[in-house]
Ligand SMILES: [Zn+2]
């Protein structure tokens with residue numbers, strides 16, 4: 001599967017993408033209130049603290065919503081048809097949007113467990129994607 005995008009890496013997201021290079025999911029966690037910040041930001045949306053640490057989380061989660069695409073809306077992703085974009089709640093509570101790959105797409109459904117996998121983009125970034133667990 002071809003990756004869909006090349007990330008735009010900013011000062012706020014660099015820590016996340018640096019973790020991805022080592023196949024680690026690193027999220028900002030507020031040093032004050034201990035809540036995860038996702039998407040990454042300079043200030044905690046919960047308590048306004050600017051202090052945070054990067055915390056590695058496991059790449060396991062549950063599909064809470066998804067859509068299957070059967071039409072390429074751009075010729076560059078034609079080879080990916082059909083593909084799934086899913087909203088995944090990681091076990092740590094963070095919700096991430098990604099693709100489900102290397103899985104029987106007929107088995108994709110809300111409540112299904114997923115496990116992280118990785119794909120390289122054209123710029124050698126590692127992109128977190130997911131596949132159904134136990135397939
Ligand atoms: Zn906070």
Identify all residues within the stretch 112-133 that are out of contact with any helix residue (DSSP H, G or I) (no Cβ under 7 Å at 6 or more places or on another chain), closer than 20 Å to residue 23 by Cα and in a loop (DSSP other than H, G, I, E, B); write none if there are none. 121, 122, 123, 124, 133
Which of (1) over 19 Å from the mean Cα position of the chain (by Cα); (2) without any contact (Cβ under 8 Å) to a residue 24 or more places away in the chain; (3) closer than 20 Å to residue 9 by Cβ is the odd one out, the single condition residue 52 does not satisfy? (2)
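Can you name every residue in the stretch 121-135 that is within 16 Å of the chain's Cα centre (by Cα) and exposed (fewer than 14 other Cβ atoms within 10 Å of the Cβ)?
Of everything in the stretch 121-135, just one residue is within 16 Å of the chain's Cα centre (by Cα) and exposed (fewer than 14 other Cβ atoms within 10 Å of the Cβ), namely 133.
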Requiring at least 3 residues that are more than 16 Å from the ligand (Cβ to nearest atom), the strands (runs of 3 or more DSSP E) wholly within the stretch 5-89 are 60-69
Of the residues that make up the stretch 96-111, is at least one within 16 Å of the ligand (Cβ to nearest atom), at pLDDT 95 or above and in a strand (DSSP E or B)? no
Only residues in the stretch 105-120 that are crowded, with 17+ Cβ neighbours inside 10 Å count as the first member; pair them with residues that are in a loop (DSSP other than H, G, I, E, B) and at pLDDT below 95, Cβ under 8 angstrom, at least 6 apart or cross-chain, and list the lot. 117/101; 117/102
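The values are calculated or read from the model by the stated rules, or taken from the named source; none is laboratory data. These numbers were taken from a predicted model, which means no experiment stands behind them. For neighbour counting, all protein chains shown are included, and Cβ atoms are generated from backbone atoms with ideal geometry for every residue, glycine included.
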